[in-house]
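Report on one structure; see the data block that follows.
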Amino acid sequence: MATGIIETAKATNPLKDLLKYGQSVWLDYIRRNLLTSGELKRLIEEDGLRGMTSNPAIFEKAIADSTDYNDILRSLQSRTDLDAKARYEILAIRDIQDAADALRPVYDSSKRRDGYVSLEVSPYLARDTQGTLEEARRLWKTVNRENVMIKVPGTAQGIPAFQQLISEGININVTLLFSQDVYKQVAEAYIAALEQAASRGLDLSKIASVASFFVSRIDNSIDATVSERLKNSKDPREQEQLKSLLGKVAIANAKQTYAKYQNIFSGDRWQALASKGAQTQRVLWASTSTKNPKYRDVLYVEELIGPDTVNTIPPATLDAFRDHGHARASLTEDVEGANRVMETVTKLGISMKEVTDKLTDDGVRLFAEAFDKLLEAVEKNSKSRVTPKVRQP
């Protein structure tokens with residue numbers, strides 16, 4: 001009897017359990033061999049994977065650390081009309097199209113709620129509204145898949161571009177969100193964009209978007225500030241308050257953001273759009289690998305589980321959660337406790353606006369640097385004439 005219970009417990013996949021609580025698992029990773037080896041198909045079937053996200057850093061690692069792209073890059077050697085960015089787009093778009101095709105059954109069975117693959121506009125355009133508009137439209141048209149989302153950063157210049165693109169019926173993943181106030185701007189821009197789309201006669205049920213809210217980087221930043229303050233603090237009460245914030249602010253910030261989501265996507269204005277088939281813009285938890293080795297490696301998965309959310313999980317964290325993760329309705333647990341954490345942040349004079357503004361700026365810079373490396377890797381591999389190793393069957 002006991003053995004049977006243990007076997008049943010082992011047979012249960014914690015990743016699949018997340019869907020029972022209304023959360024979709026997306027994979028924060030893409031690479032050619034994931035598509036060609038059958039691994040993506042296995043993830044969809046066995047782990048209940050429902051989407052994928054990519055970014056310049058992910059593509060840079062895929063190209064620089066593998067021979068997966070040597071064939072297509074060599075085939076483009078004679079194309080002197082193509083610069084490194086154009087070559088990158090050719091191979092990225094091939095991957096995105098193939099991943100979208102593999103996820104198409106999920107897209108269909110979920111009635112367009114899931115099954116998406118995200119492709120980012122150039123990070124160089126993060127502060128350029130018109131440039132973002134033009135590139136997003138071009139990528140959307142070139143990829144030519146209903147179940148693709150174009151990633152646009154949630155910068156002051158990116159948000160108006162996002163609103164315009166949604167109003168044109170282009171699916172958008174708004175990325176690099178850290179601030180609750182900026183999240184609110186994005187959610188309200190989405191509703192306004194759907195109203196514009198409806199006035200143009202577009203089918204709202206075919207328009208989808210997620211708001212990618214970054215998590216672990218908040219704790220990295222706050223923990224560093226707290227550690228510095230603790231070195232100089234002589235007040236036991238202040239020390240206690242500071243220590244209470246370690247590893248707690250990112251989740252508290254996310255819980256308050258989710259409460260905003262619930263509030264914004266309710267009421268008469270939203271219901272008018274929902275009656276026309278509109279889908280809510282789900283919050284997607286991003287940056288959910290644990291950066292601090294002192295914290296549980298599945299912390300930012302286990303503590304952010306709730307209805308109408310997505311968690312885009314990198315491979316190592318996905319493996320960890322499959323192995324020892326526990327699913328529960330955590331996102332709406334102890335919201336009062338989350339409120340107290342955020343009140344303590346304010347009492348201690350830590351400005352969340354300064355923290356999140358800096359994280360946004362850093363995110364834009366890091367993605368631009370990754371894009372630099374990506375284009376260098378494409379350029380290098382395009383010129384390389386090294387014979388790739390023949391893989392044994």
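The values are calculated or read from the model by the stated rules, or taken from the named source; none is laboratory data. Quick caveat, the model's predicted, so the values are computed rather than measured. Cβ coordinates were reconstructed from backbone atoms using ideal geometry, including for glycine residues, and neighbour counts include every protein chain displayed. With ligands, DNA and RNA removed, areas are computed over all heavy atoms of the protein, side chains included. Shrake-Rupley method; radii C 1.70, N 1.55, O 1.52, S 1.80 Å.
A few points about this structure:
- Estimated distance in nm for a label pair at residue 203 and residue 109, the labels positioned 7 Å out from Cα along Cα-to-Cβ: 2.2 nm
- Set of aspartates and glutamates with alpha-carbon distance to residue 358 below 18 Å, sequence-local pairs under 8 removed: 181, 219, 223, 228, 369
- Among the listed pairs 20/184; 184/353; 151/276; 231/347; 234/291, those whose Cα-Cα separation exceeds 23 Å are 20/184; 151/276; 234/291.
- Normalised by residue number, the volume inside the convex hull of the Cα atoms of region 253-327 is 98 Å³ per residue.
- Column: log10 I(q)/I(0), Debye, Cα scatterers of region 72-150, q = 0.14, 0.20 Å⁻¹: -0.54, -0.92
- Cα Rg over Rh - region 185-299, Kirkwood: 1.17
- The GNM of the chain, with springs linking C-alpha atoms under 10 angstrom apart, assigns the highest mean-square fluctuation among 103, 76, 119 to 76.
- Cα centroid separation, region 254-271 to region 135-154: 26 Å.
- Full extension of the chain between residue 134 and residue 39 yields a length gain of 30.8 nm, computed as 0.36 nm times the residue separation minus the alpha carbon distance.
- Normalised per residue, the accessible area of the chain is 45 Å², obtained with a 1.4 Å probe and no contribution from ligands, DNA or RNA.
- Theoretical ellipticity at 222 nm over the chain - DSSP helices of four or more residues, -39500 (n - 2.57) apiece, nearest 500: -18000 deg cm²/dmol
- The relative contact order of region 256-379, computed from alpha carbon pairs under 8 Å that lie at least 6 residues apart in sequence, is 20 percent.
- Taking label points 7 Å from Cα along the Cα-to-Cβ direction, residue 184 and residue 235 give a separation of 2.8 nm.
- Protection proxy ranking of 35-41, 364-370 - average other beta-carbon atoms within 10 Å, highest first: 364-370, 35-41
- Comparing region 140-197 with the 2.2 N^0.38 Å rule of thumb, its C-alpha radius of gyration ratio is 1.09 (two decimals).
- Solvent-accessible surface (1.4 Å probe) assigned to residue 135 amounts to roughly 20 Å².
- Crossing angle, helix 129-143 versus the chain [Cα axis fit, 0-90 degrees, rounded to tens]: 60 degrees
- Expressed in units of 2.2 N^0.38 Å, where N is the residue count, the Cα radius of gyration of region 1-157 is 1.22.
- In a simple Cβ point-charge model (Lys, Arg +1; Asp, Glu -1; nothing else charged), the chain has a dipole of about 380 debye relative to its Cα centre.
- Within a Gaussian network of the chain (alpha carbon springs, distance under 10 Å), most fluctuating of 293, 160, 314: 293
- Over 25 Å [Cα-Cα, region 239-393], rounded percent: 51 percent
- In Å², nearest 10: area of residue 276 left accessible to a 1.4 Å probe: 120 Å²
- Highest-fluctuation residue, 98, 68, 334 considered, GNM on the chain with Cα pairs under 10 Å: 334
- Ligands, DNA and RNA left out, the accessible area of the chain computed with a 1.4 Å probe is 51% carbon and sulfur.
- Considering only Cα atoms, the convex hull volume of the chain works out to 172 Å³ per residue.
- Each of residue 13 and residue 276 was given a label point 7 Å from its Cα along the Cα-to-Cβ line. The distance between the two points is 3.8 nm.
- With contacts taken as Cα pairs under 8 Å at a separation of at least 6 residues, the chain carries a relative contact order of 23 percent.
- With Cα atoms defining each centre, region 358-372 and region 19-64 are spaced 23 Å apart in the structure.
- Region 90-108 and region 159-196 have Cα centres spaced 23 Å apart.
- Solvent exposure ordering (accessible area, 1.4 Å, most first) of 360, 175, 67: 67, 360, 175
- Share of pairwise Cα separations in region 117-222, more than 17 Å, in percent: 50 percent
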